[in-house]
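Engineer: Have a look at this one before I ask anything.
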Amino acid sequence: MRLDGFGILVEDMPKMLRFYRDVLGFEIKESEDTSNVYLVKDEGH
């Protein structure tokens, strides 16, 4: 079984983006004022 994606609702998108990018190491291409983000980490593994 493989999980390809899931959704998380947050109240503070800029704070969430910084955490996932700076602490967890996700590649995030969207700006902090976006309402929808696609997180990528270790793509292809």
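The values are calculated or read from the model by the stated rules, or taken from the named source; none is laboratory data. Model, not experiment: these values are computed from the prediction. Positions of Cβ are generated from backbone atoms using ideal geometry, with glycine treated the same way; all protein chains shown enter the neighbour counts. Only protein heavy atoms, including side chains, enter the accessible area calculation; ligands, DNA and RNA are left aside. Shrake-Rupley method; radii C 1.70, N 1.55, O 1.52, S 1.80 Å.
Engineer: For a quick protection proxy, order the peptides 19-25, 8-14 by their average other-Cβ count within 10 Å, most packed first. Don't skip to the end; give the middle numbers.
Structural biologist: Numbers: 19-25: 11.7, 8-14: 9.9.
The most tightly packed comes first, giving 19-25, 8-14.
Engineer: Evaluate the distance, in nm, between pseudo-label points positioned 7 Å from the Cα of Leu3 and of Asp42 along their respective Cα→Cβ axes.
Structural biologist: 1.3 nm
Engineer: Quick one: pull the percent of accessible area on the chain belonging to carbon and sulfur, 1.4 Å probe, ligands and nucleic acids left out.
Structural biologist: Details: 2160 of 4250 Å².
Carbon and sulfur atoms account for 51 percent of the accessible area of the chain.
Engineer: Taking the dipole about the Cα centre of the chain, with the C-beta of Lys and Arg at +1 and of Asp and Glu at -1, give me whichever of Leu17, Ile28, Met1 is farthest to the positive side.
Structural biologist: Looking along the dipole axis, the top candidate is Met1.
Engineer: In addition: For the chain, what is the charge dipole size about the Cα centre, in debye to the nearest 20, if Lys and Arg each add +1 at the Cβ and Asp and Glu each add -1 at the Cβ? Don't skip to the answer; put the middle values down first.
Structural biologist: Details: 6 positive and 10 negative charges, 26 e Å.
That gives the chain a dipole magnitude of about 120 debye.
Engineer: Moving to a separate point now. Counting heavy atoms of the protein chains only and a 1.4 Å probe, report the per residue accessible area for the chain as a whole number of Å². Each step should come with its number before you reach the end.
Structural biologist: On the way: 4250 Å² over 45 residues.
Ligands and nucleic acids excluded, the figure is 94 Å² per residue.
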